[in-house]
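A.B. asks: Quick one: the structure is below, questions incoming.
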Ligand SMILES: C[S@@+](CC[C@H](N)C(=O)[O-])C[C@H]1O[C@@H](n2cnc3c(N)ncnc32)[C@H](O)[C@@H]1O
């Protein structure tokens, strides 16, 4: 399955540690768009919904894979009994707030953790699966450590249909069909981010690509393929949700939250025909 890859698993791990140590130490990581208040509010709501589905709700044990600087940990710490963060980049984890006394950190790969079988009610991963050499190995580990009935939640996974549409738009640049400045910006953000980081901060763009094999090599996630992989792993109820349509932030900021919600609901009704307009996939599986 992975033979044609031009990055090895060890290279992906090493590149992840390089990129994330760099961003954490430069004070840049927490400026990522998903830290904006409107997204934090949205993810907090999703976490509440996930916890309602979990075997244990008041005393839940949650593990966050690829926890980084604690985006999920900080949103969920007051809702659960214990949160365990797993990450390979110590410099990212140094920024996790441990003051609640309920958070424990583990410097470990997500594919091979020190936890006992069936120890968690909820397993989460945010902006993470595209950093893995093979997300299937990670799904197996998440399944192993979840209790029966435990819930897996993974978010901000790049949608292959969207990336395909952006690659097609990139090919039209300079042609007879004019591209709006807005789409041009999206092309830059989705396909040429490495260049920007290299110019602005001196980050090695090749390393950035190697740190995101699920984006740079696999070109994002195919929703049906991930659902099939989850079922093969042993998860029973598997669903995908599509999120952040192209231009959603613009509508939210320049029009209103209500307008954005109306468009989102419409595009959801039009799935799968509208799939290429959504940037990310959210997965929710039950063991
Ligand atoms: C884009 S960051 C996401 C951090 C955090 N979840 C967030 O949403 O802000 C990806 C994180 O995954 C970690 N990572 C990459 N590959 C990993 C692996 N195989 N096992 C554990 N952590 C990994 C990186 O060190 C980095 O902190």
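Coordinate-derived values only; no laboratory data. It should be emphasised that the depicted structure is a prediction, and the values quoted were computed from it without experimental measurement. We place every Cβ from the backbone using ideal geometry, glycine too, and count neighbours over all the protein chains shown.
A.B. asks: Okay, which of the range 238-255 sit inside 15 Å, backbone N to the point 7 Å along the Cα-Cβ direction of residue 49?
C.D. replies: What the label zone holds, given the 15 Å backbone N cut-off, is 238-245.
A.B. asks: So for the chain: antiparallel DSSP bridges make up what percent, rounded to the nearest 5?
C.D. replies: 40 percent
A.B. asks: Which shape class applies to the range 216-262: rounded if a/c is under 1.5, otherwise prolate when a/b exceeds b/c and oblate if not, where a ≥ b ≥ c are the square roots of the Cα gyration tensor eigenvalues?
C.D. replies: Here the range 216-262 falls in the oblate category.
A.B. asks: OK, next. For the range 86-134, just say rounded, prolate or oblate: build the C-alpha gyration tensor, square-root its eigenvalues into a ≥ b ≥ c, call rounded for a/c under 1.5, and beyond that prolate if a/b exceeds b/c, oblate if not.
C.D. replies: Oblate shape, in that a/c is at least 1.5 and b/c is the bigger or equal ratio.
A.B. asks: Counting pairs of alpha carbon atoms under 8 Å apart in space and at least six apart in sequence, what relative contact order in percent does the chain give?
C.D. replies: In percent, rounded to a whole number, it is 20.
A.B. asks: Here's something else I'd like to know. Nearest 10 degrees, 0 to 90: what angle lies between the long axis of helix 135-145 and the longest principal axis of the chain (Cα atoms)?
C.D. replies: 20 degrees
A.B. asks: Now a separate question. Working from the alpha-carbon coordinates of the chain, get Rg over Rh, Rh being the Kirkwood radius.
C.D. replies: The Rg/Rh ratio comes out at 0.95.
A.B. asks: Something else about it: Per DSSP H run of n ≥ 4, the term is -39500 (n - 2.57); total these for the chain, divide by its residue number, and report the mean residue ellipticity at 222 nm rounded to 500 deg cm²/dmol. Write out the running numbers ahead of the final one.
C.D. replies: Working: 13 runs with 128 residues, N = 287.
Computed mean residue ellipticity for the chain: -13000 deg cm²/dmol.
A.B. asks: Could you tell me the relative contact order of the range 1-93? Use alpha-carbon pairs under 8 Å, at least six residues apart, and round to a whole percent.
C.D. replies: Computed value for the range 1-93: 31 percent relative contact order.
A.B. asks: Report the residue, chosen from 253, 34, 131, that carries the largest GNM mean-square fluctuation when the chain is represented by alpha-carbon nodes joined by springs under 10 Å.
C.D. replies: 253
A.B. asks: What three numbers, in Å, describe the spread of the alpha carbons of the range 1-142 along their principal axes, ordered from the longest?
C.D. replies: So the three principal-axis extents are 45, 35, 25 Å.
A.B. asks: Now, a different point. Angle check, please: helix 160-171 long axis (alpha carbons) against the longest principal axis of the chain (alpha carbons), in degrees 0 to 90, nearest 10.
C.D. replies: 20 degrees
A.B. asks: Which angle between 0 and 90 degrees, to the nearest 10, do you get for helix 181-191 versus the longest principal axis of the chain when only C-alpha atoms count?
C.D. replies: Roughly 50 degrees, rounded to the nearest 10.
A.B. asks: To the nearest Å, what is the center-to-center distance of the range 1-73 and the range 172-189, using C-alpha atoms only?
C.D. replies: Spelled out, the Cα-based centre of one part sits 30 Å from the other.
A.B. asks: With a point put 7 Å past each Cα toward its Cβ, work out how far residue 256 is from residue 228 in nm, to one decimal.
C.D. replies: So the two model labels end up 4.4 nm from each other.
A.B. asks: Moving on to the next point. Give me D for the range 1-66 in µm² s⁻¹, whole number, from Stokes-Einstein with Rh from the Kirkwood sum over alpha-carbon pairs, 4 °C and 1.567 mPa s.
C.D. replies: D = 84 µm²/s.
A.B. asks: Now, a different point. When the Debye formula is applied to the Cα atoms of the range 146-281, each taken as the same point scatterer, what base-10 log of I(q)/I(0) results at q = 0.13 Å⁻¹?
C.D. replies: Debye intensities relative to I(0), on a log10 scale: -0.70.
A.B. asks: Which whole-number percentage describes the relative contact order of the range 81-153, with Cα contacts under 8 Å and a sequence gap of 6 or more?
C.D. replies: Here the relative contact order equals 32 percent.
A.B. asks: Regarding the range 72-173, what whole-number volume in Å³ per residue does the convex hull of its Cα atoms give? Show your work: numbers first, answer last.
C.D. replies: On the way: hull volume 13.9 nm³, N = 102.
Considering the Cα atoms of the range 72-173, their hull volume per residue is 137 Å³.
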